[in-house]
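Engineer: Here it is, the structure, as structure tokens.
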Amino acid sequence: MSGGNDIIHQAVRLKIMASLNVLHGDNFLEFTRLRGLVDATDGNLGAHLDTLERAGYVAIEKRFEGKKPQTRVRATPAGRRAFAEHVAYLREILDSAP
């Protein structure tokens with residue numbers, strides 16, 4: 001059995017990656033929508049996104065929609081691969097359970 005991904009395994013980061021992996025291609029998810037999906041505070045979500053960004057698993061885009069700042073997030077190809085490998089690891093555990 002291969003090892004799991006310690007970065008993705010943390011509960012909030014796992015929720016983040018699961019939420020981003022349902023998007024197609026290079027589509028982004030707005031920070032506020034992602035915050036609601038993973039049930040995190042702004043600061044908590046920001047810290048977890050920073051960890052995922054440093055690992056190369058997410059890309060963060062900051063822009064303005066009119067005069068309003070907007071932060072958007074998407075999974076990178078490396079992040080999608082890491083998530084798929086972690087899900088496969090979890091499936092191995094479930095499949096080997098009695």
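The values are calculated or read from the model by the stated rules, or taken from the named source; none is laboratory data. None of the values given here were measured: they were computed from a predicted structure. Virtual Cβ from ideal backbone geometry, glycine too; neighbours counted across all protein chains shown.
Engineer: Every residue in region 64-98 that is assigned to a strand (DSSP E or B) and among the basic types (Lys, Arg), please.
Structural biologist: The answer is Lys68, Arg72, Arg74.
Engineer: Quick one: is Arg35 under 10 Å from the mean Cα position of the chain (by Cα), among the charged types (D, E, K, R) and modelled with pLDDT of 95 or more?
Structural biologist: Spelling it out, it is not the case that Arg35 is under 10 Å from the mean Cα position of the chain (by Cα), among the charged types (D, E, K, R) and modelled with pLDDT of 95 or more.
Engineer: Which one of these is within 12 Å of the chain's Cα centre (by Cα) and either at pLDDT below 95 or among the polar types (S, T, N, Q) (or both): Thr76, Thr71?
Structural biologist: Residue meeting the stated conditions: Thr76.
Engineer: Would you say Glu61 is part of a helix (DSSP H, G or I), charged (D, E, K, R) and over 11 Å from the mean Cα position of the chain (by Cα)?
Structural biologist: For Glu61, the condition - part of a helix (DSSP H, G or I), charged (D, E, K, R) and over 11 Å from the mean Cα position of the chain (by Cα) - is not met.
Engineer: Scan region 24-47 and give yes if some residue there is within 17 Å of Ala88 (Cβ to Cβ), in contact with a helix residue (DSSP H, G or I) (Cβ under 7 Å, 6 or more places away or on another chain) and in contact (Cβ under 8 Å) with a residue 12 or more places away in the chain, otherwise no.
Structural biologist: No, there is no match, as no residue in region 24-47 is within 17 Å of Ala88 (Cβ to Cβ), in contact with a helix residue (DSSP H, G or I) (Cβ under 7 Å, 6 or more places away or on another chain) and in contact (Cβ under 8 Å) with a residue 12 or more places away in the chain.
Engineer: Scan Gly4, Gly46, Gly56 and give me the residue that is outside any helix (DSSP H, G or I) and modelled with pLDDT of 95 or more.
Structural biologist: Within the list Gly4, Gly46, Gly56, the selection yields Gly56.
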